[in-house]
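The values are calculated or read from the model by the stated rules, or taken from the named source; none is laboratory data. None of the values given here were measured: they were computed from a predicted structure. Using ideal geometry, Cβ is built from the backbone for each residue, glycine included, and neighbour counts are taken over all protein chains shown.
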Amino acid sequence: MGRDTLLTATFGSDTLLKKALLVLGGSVFIALAAQVTVPMWPVPVTLQTLAILLVGFSFGSRMALATMLAYIAQGAAGLPVFANGLNFVAFAGPTAGFLLGFVAMAWAAGLAAERGIAKGWLSTALVALVLSAAIYVPGILWPMSITSAFGLEAGWMGQDMAYYWSYFIAPFLLGDALKAVIAALIVTGAWAALGKRRV
């Protein structure tokens, strides 16, 4: 049996309407975090991964997956929810691999929370660090190889690994590590506050 998530422990999960509102709220939260950016080329630094980790650890795997699919669907429908106010055009840009990887990141964070793998501060931080590192795989696979299958061409496509290390990975490592630690602090702090409130 899975462990309660922060979401179910706080709000319960008894109605479809409540779940739908929470999914919508989570997708809006991620969209707002995506707009907090530090301009870099070709991939900007945002608070998006922090928001996705928080949603995953708090919502659990199914609700986090539903939230991310709603977020992706909003962008595909033309809403400016992706970084720098982009919409579906982002799926042809350098961040498309990260966008798709974010779905798996949220689901995996939720699964770790449900299974009790992300329980205390240290284990939650370690899970967040692993997931933050794993996001680079789809992030660089997209520009390295998949884009050519679609006949896309741009300066950031089809480069060597040194290029992707310099522009897609290295500038983000410290920030992603910091966001992973912050996510763990927030989630475990919320659990502690909830426990005190119930005593």
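Take Val23 and tell me if it is assigned to a helix (DSSP H, G or I), β-branched (Val, Ile, Thr), in contact (Cβ under 8 Å) with a residue 24 or more places away in the chain and more than 14 Å from Ser132 (Cβ to Cβ).
yes
Show the residue pairs that are 6+ apart or on different chains and have beta-carbon atoms under 8 Å apart, the first residue being within the stretch 67-86 and free of Cβ contacts under 8 Å to residues at least 60 places away in the same chain, the second being surrounded by fewer than 21 Cβ atoms within 10 Å (Cβ to Cβ) and among the hydroxyl-bearing types (Ser, Thr, Tyr).
Ala83/Thr37; Asn84/Thr37
Looking at (1) in a loop (DSSP other than H, G, I, E, B); (2) within 24 Å of Leu7 (Cα to Cα), which is the one condition that is false for Gly78?
Failed condition: (2).
Can you tell me which condition Tyr163 does not meet? The list is (1) of a type outside the set (Lys, Arg); (2) farther than 29 Å from Ala76 by Cα; (3) free of Cβ contacts under 8 Å to residues at least 12 places away in the same chain, and all the others hold.
(2)
Given the criteria on the phi < 0 side of the Ramachandran plot, without any contact (Cβ under 8 Å) to a residue 40 or more places away in the chain and surrounded by fewer than 20 Cβ atoms within 10 Å (Cβ to Cβ), does Ala51 qualify?
no
Could you check the stretch 23-44 and list, in sequence order, the residues that are surrounded by 17 or more Cβ atoms within 10 Å (Cβ to Cβ), under 12 Å from Met68 (Cα atoms) and of a type in the set (A, V, I, L, M)?
Passing the criteria: Val23, Ile30, Ala31.
Anything in the stretch 108-153 that is in a loop (DSSP other than H, G, I, E, B) and either at negative phi or at pLDDT 95 or above (or both)? List them, or say none.
Matches in the stretch 108-153: Arg115, Ile117, Ala118, Lys119, Gly120, Ile135, Phe150, Leu152, Glu153.
Looking only at the stretch 73-119, which residues are buried (at least 21 other Cβ atoms within 10 Å of the Cβ) and of a type in the set (Val, Ile, Thr)?
Passing the criteria: Val81, Thr95.
In the stretch 87-107, which residues are without any contact (Cβ under 8 Å) to a residue 60 or more places away in the chain, more than 10 Å from the chain's Cα centre (by Cα) and part of a helix (DSSP H, G or I)?
The answer is Phe88, Val89, Ala90, Phe91, Ala96, Gly97.
If you go through the stretch 160-175, how many residues are exposed (fewer than 15 other Cβ atoms within 10 Å of the Cβ) and of a type in the set (Ser, Thr, Tyr)?
Residues in the stretch 160-175 being exposed (fewer than 15 other Cβ atoms within 10 Å of the Cβ) and of a type in the set (Ser, Thr, Tyr): 1 in total.
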